[in-house]
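These notes are about the structure you will find just below.
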Amino acid sequence: MLKTDILIIGSGIAGLTTAVKLAKRFPERSITILTKANTDETNTKYAQGGIAVVNDLENDSFQKHISDTLVAGDGLCNQKIVEIVVKEGPERVNEIISWGTQFDTDKEGAFMRGKEGGHSEFRILHHKDITGKEIERALVEETKKYSNIKIYNHWFVVDIITQHHLGYLVTKSTPDITCYGVYALNLRTNKIEKILSKVTLVASGGAGQAYRTTTNPRIATGDGIAMIYRAKGRIENMEFIQFHPTALYEQGVSPSFLITEAVRGDGGILRNKDGEAFMAGYDHRADLAPRDVVARAIDSEMKRTGTEHVYLDCRHMDHDKFKEHFPNIYSRCAQTGIDIFEQMIPVAPAAHYCCGGIKTDEYGKSSIMNLYACGECSSTGLHGANRLASNSLLEAIVFAHRCAESIGNEIGNLKFMDSVPDWNASGTSEPKEMILITQSLKELQSVMSDYVGIVRNDIRLRRAMTRIDLLHEETEDLYKTAVLSPQLGELRNLITIGYLVIKGAQFRKESRGLHFNTDYPEKSSILQQVVL
Ligand code: FAD
Ligand code: SIN
């Protein structure tokens, strides 16, 4: 059994930033990060376009960034949170720069700024087209400076521990559900260990793997959101799954390689199979409309023309500049046999970002005591019905700071709960057939992609729920009898994510932001968050 003052689930931008801040402030406190894969295998590592921040007040303003975020969020952002994130952003970005993150600068040393859909100004700091890799590198290096941070990789967190594990009945209306730590599967020993903590931060990232085609790496299985839902914590706005408009189209390949929106910011044009630049017909902001609008327009063009992709045309763009800003995209396309200065790039939308998640307050506190959430798994109120491009890295560092502040103020009063039982694996045996898990995962991804994608309707949602119910039942049966593996745990979590997305979508009798239901094509006059 391990005991740690502060337990962090996840080693992406949210988890690592919070860890560094707490380690600096409390050198005597133990901070443990659990991560289910290699330390840097995170959504963070794959971020391309960059981090949106206002740090050029001559040409940009907080008000413009706030307004862009609110417009993209389509009426559902929490204005106070938007203001906090935008205004505190510059200081937090300077912090990660001081920890070694390098953003591209011009010859005079001024930051180069990119633009993406929904932004009215060039404000996105980037490191070529591998911004996330650079941030993750710098953060991993920074954590090494603190001997009180211990990172345990290849540990799969199964569930958080609450009063439920002490034998008490816990329901949604239990007022003081409290987190005492987690049960986690050590993937090297295959044993489930109990880890006690005074305070726990969930920073477990997104859930793109619920869909057949996604830009998210394999780790993005919504584990944190699912385990907090199981623990009866509050989850909100799960119907708002963001599809990135331009993932490289390669039949049957997932995760898909992203073609950053910054390419359109630099002049890339979307065209249909007949070569028509179709975006202006859908929105006056054309190729740089917010992501929900562009993804829906592409979906509609694909259906109208009977194709599985559209094209991103970069042939007219400055070759040297392109190679300098987007070297990774240039070489990945070349490997696939596409010379982007001669040919258009086939692209299609792919599940990309989970706008909802674990509901938090303005300090990242969840509805469960001693439990915080930060990063993509959280729902802070920033994104509303549709996240503005490149706002998520920003949200993660602003909220990492706020979580660290709040944890720092409270940790002195918190104690370990010592009477937690060990994990009980009695009555389980090795699963006989992996196909039971792999096939169910494929079914789930098909149901979500075919019925709960960019365009939805009531019949599709009903069908999806019926099928998810069956998958849930079968998987729970397996869970009760089989020795737990990460594959089974992830399947269980993804089924919960599917359920939450469908449930949220069924509650929302309107079309808003990323949720478009052809049975209710208009926006309702009542603004509501769906909390499950
Ligand atoms: P992650 O970085 O995903 O980290 C999650 C961590 O949790 C991982 O370490 C994982 O192993 C761990 N974990 C999960 N479940 C468990 C478990 N059960 N047990 C133990 N550990 C667990 N956003 C932007 O703002 N700008 C961009 O340019 C941008 N580009 C993107 C490009 C791509 C291809 C993708 C996929 C996303 C992009 N995003 C971008 C979104 C952004 O990268 C993510 O939202 C953000 O990095 C999430 O950070 P995080 O720390 O919350 O989670
Ligand atoms: C991109 O680079 O297009 C992704 C940016 C984001 O998801 O915020």
Members of the stretch 321-360 that are polar (S, T, N, Q), more than 16 Å from ligand 2 (Cβ to nearest atom) and under 28 Å from SER449 (Cβ atoms): GLN335, THR336, GLN343
Being within 30 Å of LEU7 (Cα to Cα) and surrounded by fewer than 21 Cβ atoms within 10 Å (Cβ to Cβ) is the requirement here; does ASP361 meet it? yes
Let me confirm something: among ASN409, ASN413, ASN370, which residue is closer than 21 Å to PHE26 by Cα and touching a Ser or Thr at 6+ places or on another chain (Cβ under 8 Å)? ASN370
ARG230 versus (1) surrounded by fewer than 24 Cβ atoms within 10 Å (Cβ to Cβ); (2) of a type outside the set (Val, Ile, Thr); (3) over 24 Å from GLU41 (Cα atoms); (4) within 14 Å of ligand 2 (Cβ to nearest atom): which is the lone unmet condition? (4)
Tell me which residues, restricted to the stretch 11-25, are crowded, with 19+ Cβ neighbours inside 10 Å and more than 15 Å from the chain's Cα centre (by Cα). LEU16, THR17, THR18, ALA19, VAL20, LYS21, LEU22, ALA23
So, LYS128, is that one away from ligand 1 (no atom under 11 Å from the Cβ), within 23 Å of SER390 (Cα to Cα) and among the charged types (D, E, K, R) or not? yes
Yes or no: the stretch 318-325 includes at least one residue that is in contact (Cβ under 8 Å) with a residue 40 or more places away in the chain, surrounded by fewer than 18 Cβ atoms within 10 Å (Cβ to Cβ) and not in a loop (DSSP other than H, G, I, E, B). yes
Selection within the stretch 512-532 - buried (at least 22 other Cβ atoms within 10 Å of the Cβ) and not hydrophobic (A, V, I, L, M, F, W, C): ARG512, GLY513, HIS515
Out of GLY114, GLY73, report the one residue that is in contact with a Gly (Cβ under 6 Å, 6 or more places away or on another chain), at pLDDT below 95 and farther than 30 Å from LEU488 by Cβ. GLY114
When you go through (1) within 24 Å of TYR180 (Cα to Cα); (2) surrounded by fewer than 24 Cβ atoms within 10 Å (Cβ to Cβ); (3) not polar (S, T, N, Q) one by one for ILE66, which number turns out not to apply? (1)
Scanning the stretch 26-74 for residues that are in a loop (DSSP other than H, G, I, E, B), more than 21 Å from the chain's Cα centre (by Cα) and among the small types (Gly, Ala, Ser) gives SER30, SER61
When LEU270 is evaluated against the numbered criteria (1) within 11 Å of ALA348 (Cα to Cα); (2) within 16 Å of ligand 1 (Cβ to nearest atom), which criterion, by number, is the only one it fails? (2)
For residues in the stretch 233-261 being among the polar types (S, T, N, Q), closer than 15 Å to ARG212 by Cα and at pLDDT 95 or above, which is surrounded by the most Cβ atoms within 10 Å (Cβ to Cβ)? GLN242
Across the stretch 389-433, what is the number of residues that are of a type outside the set (Asp, Glu) and within 13 Å of the chain's Cα centre (by Cα)? 7
Could you tell me whether HIS383 is in a strand (DSSP E or B), within 14 Å of ligand 2 (Cβ to nearest atom) and either within 30 Å of LYS273 (Cβ to Cβ) or in contact with a Cys (Cβ under 6 Å, 6 or more places away or on another chain) (or both)? no
Being surrounded by 15 or more Cβ atoms within 10 Å (Cβ to Cβ) and among the charged types (D, E, K, R) is the filter; apply it to the stretch 143-179 and report the residue that is nearest to ligand 1 (Cβ to nearest atom). ASP159
Filter the stretch 170-195 for residues that are among the small types (Gly, Ala, Ser) and in contact (Cβ under 8 Å) with a residue 12 or more places away in the chain; which is farthest from VAL157 (Cα to Cα)? GLY181
What's the number of the condition ILE219 fails, among (1) more than 14 Å from GLY10 (Cα to Cα); (2) β-branched (Val, Ile, Thr); (3) crowded, with 22+ Cβ neighbours inside 10 Å? (1)
For the stretch 218-229, state whether one or more residues are away from ligand 1 (no atom under 14 Å from the Cβ), out of contact with any Leu (no Cβ under 8 Å at 6 or more places or on another chain) and either free of Cβ contacts under 8 Å to residues at least 12 places away in the same chain or of a type in the set (Val, Ile, Thr) (or both). no
Suppose we keep only residues that are part of a loop (DSSP other than H, G, I, E, B) and surrounded by 18 or more Cβ atoms within 10 Å (Cβ to Cβ) within the stretch 466-509. Which one would you say is farthest from the chain's Cα centre (by Cα)? LEU484
Check every one of the strands (runs of 3 or more DSSP E) wholly within the stretch 187-286 and list those with 1 or more residues that are within 30 Å of ILE329 (Cα to Cα). 241-248, 269-271
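The values are calculated or read from the model by the stated rules, or taken from the named source; none is laboratory data. As the structure is a prediction and not an experimental result, all values here were calculated from the model. When we count neighbours, we look across all protein chains shown, and the Cβ atoms used for this are built from the backbone with ideal geometry, even at glycine.
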